[in-house]
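The values are calculated or read from the model by the stated rules, or taken from the named source; none is laboratory data. Just so we're clear, the structure is a prediction, and the values are computed from it rather than from any experiment. For neighbour counting, all protein chains shown are included, and Cβ atoms are generated from backbone atoms with ideal geometry for every residue, glycine included.
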Amino acid sequence: MTRAVERGGLVRDASSRTLELGAGTGHNLPRYTDAVTELVLTEPDPHMARRLRKRLDAEPPPPPSVEVVEAPAELPFDRASDSVVSTLVLCSVDAPGQAVAEIVRVLKPGGRL
Ligand SMILES: C[S@@+](CC[C@H](N)C(=O)[O-])C[C@H]1O[C@@H](n2cnc3c(N)ncnc32)[C@H](O)[C@@H]1O
């Protein structure tokens, strides 16, 4: 219950172009609002990514454009983001400092993590 409330509180503030790191099987998906215009979901584990794509097919979320990228958070992303979402991820990343540096690099000025 608490975790669901915390997820909702975090994700509902995302807007415009949003990057979610380590999206897992997509527990955050129903919590996005249509303020998000473009959602890029990264997930490095192919098994999780497969389940994520299945969930997207079965329950399409509000953002009109959703893309799944099989990549870890430490890798450079080529497009700037207005919001970055990361829930229960940085504790499992091999190089958290590198992942945080990448988040800072990819966020537009005034963007939100
Ligand atoms: C505990 S799950 C959380 C999943 C989802 N974010 C959620 O809140 O339900 C941790 C996720 O982090 C992903 N992960 C592990 N190492 C990662 C990395 N280096 N970069 C991005 N994601 C990673 C795992 O594959 C897994 O999907």
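Scanning the range 20-41 for residues that are surrounded by fewer than 19 Cβ atoms within 10 Å (Cβ to Cβ) and closer than 15 Å to A80 by Cβ gives T37, E38. Do we find a residue being on the phi > 0 side of the Ramachandran plot and more than 14 Å from the ligand (Cβ to nearest atom) anywhere in the range 19-41? Scanning the range 19-41, I find no residue that is on the phi > 0 side of the Ramachandran plot and more than 14 Å from the ligand (Cβ to nearest atom), so the answer is no. Looking only at residues of the range 93-110 that are away from the ligand (no atom under 15 Å from the Cβ), over 14 Å from the mean Cα position of the chain (by Cα) and under 24 Å from E6 (Cβ atoms), we find that the one that is surrounded by the fewest Cβ atoms within 10 Å (Cβ to Cβ) is G110.
Checked against (1) modelled with pLDDT of 95 or more; (2) under 25 Å from P96 (Cβ atoms); (3) under 13 Å from the mean Cα position of the chain (by Cα); (4) not hydroxyl-bearing (S, T, Y), R7 passes all but condition (1). Inside the range 43-61, residues that are in contact with a helix residue (DSSP H, G or I) (Cβ under 9 Å, 6 or more places away or on another chain) and within 13 Å of the ligand (Cβ to nearest atom) make up a count of 3.
Comparison of A95, A49, A14 shows that the only residue that is of a type in the set (G, A, S) and modelled with pLDDT under 95 is A95.
Would you please list the contacts, defined by Cβ atoms under 7 Å and residues six or more apart or on different chains, that run from a residue in the range 79-98 that is under 20 Å from L29 (Cβ atoms) to a residue that is modelled with pLDDT of 95 or more and acidic (D, E)? These pairs meet every condition: V85/E20. For the range 71-92, a residue qualifies if it is surrounded by 14 or more Cβ atoms within 10 Å (Cβ to Cβ) and more than 10 Å from L21 (Cα to Cα), and the qualifying residues are F77, S81, D82, S83. V69 meets all of the listed conditions (1) within 15 Å of the ligand (Cβ to nearest atom); (2) on the phi > 0 side of the Ramachandran plot but one, namely (2).
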